[in-house]
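The values are calculated or read from the model by the stated rules, or taken from the named source; none is laboratory data. Since the structure is predicted, the reported quantities are computational estimates derived from the model, not experimental observations. Here the Cβ is made from the backbone with ideal geometry for all residues, glycine too, and neighbour counts use every protein chain on show. What goes into the accessible areas is simple: the full protein's heavy atoms, side chains included, and nothing from ligands, DNA or RNA. Shrake-Rupley method; radii C 1.70, N 1.55, O 1.52, S 1.80 Å.
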Amino acid sequence: MIELRNITKSYRTPFGPKVVLSDLSVVFPSLQSVGIIGVNGAGKSTLLRIIGGALQPDSGSVVRDGSISWPIGFAGGFNGTLTGEENCRFVARIYGQEVDRVVEETRAFAEIGNYFFMSVRTYSSGMRARVAFGLSMAINFDAYLVDEVTAVGDRDFKKKCHAAFQERQERSSLIMVSHSIDTLKRFCQKCAVLDTSGLTIYDSVAEAASAYGETEDES
Amino acid sequence: MSSASRLTMPTFVRGLVAQGQVVHALVLRETRTRFGAHQLGYLWAVLEPVLLILTFYILFVVANRQLLPGMDAMSFVATGVIPYNLFANSLNRVSQSIAGNRALLFYPQVRPIDLAIARSLLEVATYCAVFVVLMTGHGLYTQSFEIDSALKTAVGFMLAGVLGSTAGLVFCTLGQFSNAVDRIRGPMIRPLFWISGIFFAVSELPAGARDVMLYNPVLHVTELVRSGWYPSYESQYVDLSYVMGWCLVLAFVGLSLERVVRRRIELS
């Protein structure tokens, strides 16, 4: 279970503070897949980072039980001068995992051949995403935070991601941000809309989509 | 460590273990990015200060610098240059620890303070290794090896590292508020090179200059290392509490600022 209590977060801008999340309270139950939709700049990524703990809210608290992943889909946590393998070792260590197992599982999942043992800066964005995703799957989190993961990668990779999430749904929860209603329908049972009035959870993606006023997207 | 056994620990210990894991991982990674993937990288880390010391040694010999009795040029240079470099490099490396590793703050358990601690530890380890290697070589070459007080020498090294790292933390955190901090760091630190005892021992100074020079905490550090190293030299000018006072104040300011910066840093 992840509970957000009265979360407020604002960013400093040259035009004064910009409030992104205002007094937001919500409970994400365990073993549920919840999607989040909202317009650009509504604060979806900010919300994910606050849930994960990488970003501190201005006020309010987050109650988490179990381990939570970093926002997957964003491969920003890699050092370009290190190889994929070395980056995986680092992440496995900070999460207190068995390093060799994590490295091996990531290598097998990413399927990028010898690139795995080369500097990350030589990777294409798709390859980065493969390693980042494989890595997050190799570490057993109780909750996965996903930020537009399916936006990257080719069709085979998307299929693989999908299968990996399906397999994990029995033991992990999922909080996923996406602009694609199709994607959310495929992965999520419930769906929330984030707008200026706060976060409203609906019991199905379709309900949330109609509330959001968005027709089925073509992708 | 399994997550189940970790849950039974008290929160504080659990936090300590988690932070230990992070710092350990950061040190290993820092070693890789700093020295490169080749084994020879470590050699460079040792070789670089050794070359610097050799240069100064040659200067001392050419200038026919007269040292106090019981001191030879090689060990005099080493007991000055290495603690000073440890101080200055810790300061510079730690002050760049956020700038160089910003991407890692993406992982929730990595905090700015962990980046600073990892860099500081690596610096201390590197320079202690350099000192041991160099002094062992020197001892073998001259066929004599005598340390007056290994403890004093070690405390001197530790204080050099702590002083540099805490000052580095202050620069590092202040640097998050303004770029100017980075620009003034060099000009502020560089003069210390000339006044921190690389070229002289405190008791060689005239009394008037000595009192002024002793406001510099780094001078106390090199003086402490030399007091510990030479059986023939016992400095009555080292004031440990003065150096520790500096460390405490810098640590307090640096750590307080780190709490502020933690919230302030925005990931790109």
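A few comments on the model shown:
- Of the solvent-accessible surface of chain A, computed with a 1.4 Å probe over protein heavy atoms with every protein chain present, carbon and sulfur atoms account for 49 percent.
- Legend: distances between Cα atoms for A:K9/A:K159; A:K18/A:K190; A:K160/A:K185; A:K9/A:K190; A:K9/A:K185; pairs beyond 26 Å are A:K9/A:K159; A:K18/A:K190; A:K9/A:K185.
- Considering only the protein assembly as shown, percent of DSSP beta bridges that pair antiparallel, nearest 5: 55
- Estimated buried accessible area (total), pair B and A, 1.4 Å, Å² to nearest 100: 2500
- Counting only heavy atoms of the protein chains and using a 1.4 Å probe, B:F177 has close to 90 Å² of accessible surface.
- Compared with its chain on its own, the range B:226-268 contains the following residues whose accessible area drops by 20 Å² or more in the full protein assembly (probe 1.4 Å; ligands, DNA and RNA excluded): B:R263, B:R264, B:E266, B:L267, B:S268.
- Cβ-based charge dipole, chain A, positive-most Cα from A:L199, A:S172, A:V103: A:V103
- Helices in chain B that qualify as membrane-span-like (whole DSSP H runs, Cα extent of at least 15 Å along the helix axis, mean Kyte-Doolittle hydropathy of 0.5 or higher) are B:40-62, B:73-95, B:112-142, B:150-174, B:240-264.
- Among the residues of the range B:75-119, those with an accessible-area drop of 50 Å² or more from chain alone to full protein complex, heavy atoms and 1.4 Å probe, are B:F106, B:Y107, B:P108, B:Q109.
- Probe 1.4 Å, protein heavy atoms only - accessible area per residue of the range B:39-264 in square angstrom: 46
- Of the trypsin sites (Lys or Arg not before Pro) in the range B:158-244, those whose Cβ has at most 16 other Cβ within 10 Å and which sit in DSSP loop: none
- Accessible area of the range A:75-140 divided out per residue, in Å², using a probe of 1.4 angstrom: 38
- Surface composition of chain B: carbon and sulfur make up 68 percent of the accessible area, probe 1.4 Å.
- Residues in the range A:86-124 occluded by at least 20 Å² - accessible area, probe radius 1.4 Å, against chain by itself: A:E86, A:F90, A:R93, A:I94, A:Y95, A:G96
- Whole-number D in µm² s⁻¹ for the protein assembly as shown, Kirkwood Cα-pair radius fed into Stokes-Einstein, 10 °C, 1.306 mPa s: 62
- In this simple spin-label model, placing a label point 7 Å from the Cα along the Cα-to-Cβ direction at both B:R259 and A:D182 gives a separation of 5.1 nm.
- Where only DSSP H runs of four or more residues are counted, chain B gives -24500 deg cm²/dmol as its mean residue ellipticity at 222 nm, each run worth -39500 (n - 2.57).
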